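The values are calculated or read from the model by the stated rules, or taken from the named source; none is laboratory data. Note that the structure is a prediction, hence the values are computed from the model and not measured. Neighbour counts run over all protein chains shown; Cβ positions are idealised from the backbone, glycine included. Areas reflect the complete protein model, heavy atoms only, side chains present, ligands, DNA and RNA absent. Shrake-Rupley method; radii C 1.70, N 1.55, O 1.52, S 1.80 Å.
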Amino acid sequence: MARPEKIRLGDLLIQQGLLTDEQLKLALEEQKRTGRKLGRIFEDSGYVTEDGIARALARQLRAEFVDLRTFQPRPDLIKLLPEAQARRFRALVLDEQDGLLRVGFTDPTDLAAYDEVARHVRRDVQLAVITESQLMPLLDRVYRRTEEISGLARELTQEMGDIPVEFGTLLGITPGSEDAPVVKLLQTVFEEAQKTHASDIHIEPQEKSLVIRFRIDGVLHVQTEADSKISTALVLRLKLMSGLDISEKRLPQDGRFNIKIRGNNVDVRISTMPTQHGESVVMRLLAQDAGLLNLERLMMPPRVLERFRHAISRPSGIVLVTGPTGSGKTTTLYAAMNALNTPEKKIITVEDPVEYRLPGLNQVQVHEKIDLSFSRVLRTALRQDPDIILIGEMRDQETAEIAMRAAMTGHLVLSTLHTNDALSTPIRLLDMGVPRYMVALSIQMVLAQRLLRVICENCKAPHSPNPHEQEWLRYELGERVNEFQYSKGQGCAHCANTGYQGRQAVYEFLEMTNALVEAANHGDPNEFMAIGREQMSGHTLRSDAVRLVVSGRTTIEEAMRIATQLDE
């Protein structure tokens, strides 16, 4: 295969009718002034898109343009080019054709990059053209650091040996010991977790091994297994980072620390728990640089968004967001806070822990060990003349009663509660011992939600429902089941072969109408449930999940998984 030729990009784009002489002149002046790449100037100025430039180069070089969004690379071939070289030369081994390795380049005119890639793979190379915006996220996914993490774990195992050691010198506790194996191992684990968009890291000691798992899109994936003897070293180092008691191994502990991962500030919440084979550690990763969602970006159905906005715009009352752990309740509440946060409003939050930091809010961290409980902070907060109060969670009767009294005396209160659906929430509060009249008069809306995995757009394909799936869909769609086209992800490098990439929430809500208030006051739960079901008919979590199925956003299997949770 011949080496690529040197091309004057501006002349090529003019020749193909994608650029004018005046635009080239302005871009060259910009390049002379700033030193930036000409192609980047064309894109930023809106003259030509990145995709347009890549296709123009492919036509000129008689090479194929490869859209990485739909291409499924082979992992065995990808590893022929080490990650460092792939990133340096902006290249990716795509496939093998007629004895040649087809390699995609973001700059197919870079002769030096072509020669270096050919030298590293030790094969004849066939040129293809790809775009950088598609390449870089793909490199993050295909060059997983599982082997590196396993290697660092083995290195730590060897250093520890079989005899007791002085952890103070081994674990990088002293300054200048960043090269200690445990430090390098943890750093690599955190970087890989961020690269794969993991929400949690689980470090779990077993009888003969230590398992490290990542929770990605709500599902746990094994990252690596290592020798169980390194468990103590990892836990001790993490305790030191989060200021926990390193001598206490018999009791659970909770803490937090901040780290910088690849230039991004990440808040890490850590929980340790003693198990039969050692201390288990779970870390929740919260990116502080990610920014808060606004309500529109939550992708609520228009009807839900309209009623939720109406509920949080009222001057008083309680708005509850319910669902299990990890269902996105805090994200929804903070999106609401973002909408309500104006200089005219005093907002106080009472949380355990404070998950997001939002300027303009008075945020209080609950600390049970010093008797700074939810109820105590709430009483003090009410003396601070707030307009809006956010309570991280209603955990007990006392907290719930204080919140409801606040709602009945002119404050807007937002909080969360662990219930299965919207309709059971008022009943749950009554079971907690909250007086019936408080529940009836203070609640304005209950919003229940779940998170569903979204089909990967890069490997999305039509799916024919099996008889069991058809029967389940018929419950919501009736005889319209066969009117829709259903989809499923086939699995690719972009989604780590799961068929899913990202998550989206489904919602249902219950508004306390006059009829519901009267039913709640009468104390007849059957009447209350009947009126509530009538109000929510056709707008439940199950029906919202089916809405995402028929729109091609998620699979029938994923919607059925959520429905199974609701039926439990």
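Within the set GLN504, GLN485, the sole residue that is among the polar types (S, T, N, Q), open to solvent by less than 20 Å² (accessible area, probe 1.4 Å) and in contact (Cβ under 8 Å) with a residue 40 or more places away in the chain turns out to be GLN504. Considering THR322, THR330, the condition of being under 25 Å from ILE427 (Cα atoms), at pLDDT below 90 and open to solvent by less than 60 Å² (accessible area, probe 1.4 Å) is satisfied by THR330 alone.
PRO359 meets the conditions (1) modelled with pLDDT of 90 or more; (2) open to solvent by 10 Å² or more (accessible area, probe 1.4 Å) in every case but one. The failed one is (1).
If the condition is being within 14 Å of LEU12 (Cα to Cα), in contact (Cβ under 8 Å) with a residue 60 or more places away in the chain and within 34 Å of the chain's Cα centre (by Cα), then segment 40-64 contributes ALA54, ARG55. Any chance segment 317-329 includes a residue that's of a type outside the set (A, V, I, L, M, F, W, C), out of contact with any helix residue (DSSP H, G or I) (no Cβ under 8 Å at 6 or more places or on another chain) and farther than 29 Å from LEU548 by Cβ? Checking segment 317-329: not a single residue is of a type outside the set (A, V, I, L, M, F, W, C), out of contact with any helix residue (DSSP H, G or I) (no Cβ under 8 Å at 6 or more places or on another chain) and farther than 29 Å from LEU548 by Cβ.
Annotation note: of GLY263, GLY278, the sole residue that is on the phi > 0 side of the Ramachandran plot and open to solvent by less than 30 Å² (accessible area, probe 1.4 Å) is GLY278.
For LEU238, the requirement of being over 21 Å from LEU358 (Cβ atoms) and surrounded by 15 or more Cβ atoms within 10 Å (Cβ to Cβ) is met.
Filtering segment 343-356 to residues that are modelled with pLDDT of 90 or more and either over 25 Å from the mean Cα position of the chain (by Cα) or open to solvent by 40 Å² or more (accessible area, probe 1.4 Å) (or both) leaves PRO343, GLU344, LYS345, LYS346, ILE347, ILE348. When the test is whether a residue is among the acidic types (Asp, Glu) and at pLDDT 90 or above, GLU279 passes it. Taking the numbered list (1) surrounded by 17 or more Cβ atoms within 10 Å (Cβ to Cβ); (2) over 26 Å from the mean Cα position of the chain (by Cα) in turn, ASP227 passes all entries but (1).
Does segment 537-555 contain any residue that is more than 21 Å from GLN470 (Cβ to Cβ) and not small (Gly, Ala, Ser)? Within segment 537-555, one or more residues are more than 21 Å from GLN470 (Cβ to Cβ) and not small (Gly, Ala, Ser). Is it the case, given these coordinates, that ARG256 is touching a strand residue (DSSP E or B) at 6+ places or on another chain (Cβ under 9 Å) and either part of a strand (DSSP E or B) or of a type in the set (Gly, Ala, Ser) (or both)? Criteria met by ARG256. Only residues that are in contact with a Gly (Cβ under 9 Å, 6 or more places away or on another chain) and under 15 Å from VAL142 (Cβ atoms) were counted across segment 91-110, and they come to 4. Within segment 519-540, the set of residues being touching a residue at least 12 places away in the same chain (Cβ under 8 Å), in a loop (DSSP other than H, G, I, E, B) and open to solvent by less than 60 Å² (accessible area, probe 1.4 Å) comprises GLY523, THR540. Among (1) out of contact with any helix residue (DSSP H, G or I) (no Cβ under 6 Å at 6 or more places or on another chain); (2) crowded, with 24+ Cβ neighbours inside 10 Å, there is one condition ARG376 misses while meeting the rest; what is its number? If we test ARG376 against (1) out of contact with any helix residue (DSSP H, G or I) (no Cβ under 6 Å at 6 or more places or on another chain); (2) crowded, with 24+ Cβ neighbours inside 10 Å, just (2) comes out false.
Inclusion of ARG250 among residues that are buried (at least 19 other Cβ atoms within 10 Å of the Cβ) and more than 19 Å from the chain's Cα centre (by Cα) is not warranted. Pairs only if they're at least six apart or on different chains, beta carbon under 9 angstrom, first in segment 22-37 and within 20 Å of GLU50 (Cβ to Cβ), second hydroxyl-bearing (Ser, Thr, Tyr) and surrounded by 12 or more Cβ atoms within 10 Å (Cβ to Cβ); list them, first residue then second. Note: pairs meeting the criteria are GLN23/SER45; GLN23/TYR47; LEU24/TYR47; LEU26/SER45; LEU26/TYR47; ALA27/SER45; ALA27/TYR47; GLU30/SER45.
Checking each residue of segment 447-460 against the condition of being of a type in the set (Asp, Glu) and at pLDDT 90 or above gives no match.
When the test is whether a residue is farther than 30 Å from ASP67 by Cβ, without any contact (Cβ under 8 Å) to a residue 12 or more places away in the chain, in contact with a helix residue (DSSP H, G or I) (Cβ under 6 Å, 6 or more places away or on another chain) and open to solvent by 20 Å² or more (accessible area, probe 1.4 Å), GLN444 does not pass it.
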